[in-house]
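Here's the structure, in structure tokens; my notes come after.
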Amino acid sequence: MDIPLEPSRWYTGLTTDTLIVWTEPTTNLDIALSFQDAEGCEDIWQFIGEVQRHLNNLPGTSPIAPHAP
């Protein structure tokens, strides 16, 4: 899967211990990443947050961060 992290994309968060869900703004499709274990899911969730914080600190961007359900 090749979907870039963007500061404008809202990640609905960890809906379970092993699922990250978001809606693609251009297609309005719900997409989910499913993990075998909670630790791997949490690692990716933290990575998404770090990337979005970095993108939000770039000039000309407005602050948007991942949020939990």
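Give me the 1.4 Å probe accessible area per residue for the stretch 16-57, excluding ligands and nucleic acids, in Å².
Accessible area per residue: 67 Å².
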In nm, the gap between the two label points placed 7 Å beyond Cα toward Cβ at Ile44 and Asn57 is 2.5
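The values are calculated or read from the model by the stated rules, or taken from the named source; none is laboratory data. Since the structure is predicted, the reported quantities are computational estimates derived from the model, not experimental observations. Every residue, glycine among them, receives a Cβ derived from its backbone with ideal geometry; neighbour counts consider all protein chains shown. We work out accessible area using only protein heavy atoms, side chains counted, and drop any ligands, DNA or RNA first. Shrake-Rupley method; radii C 1.70, N 1.55, O 1.52, S 1.80 Å.
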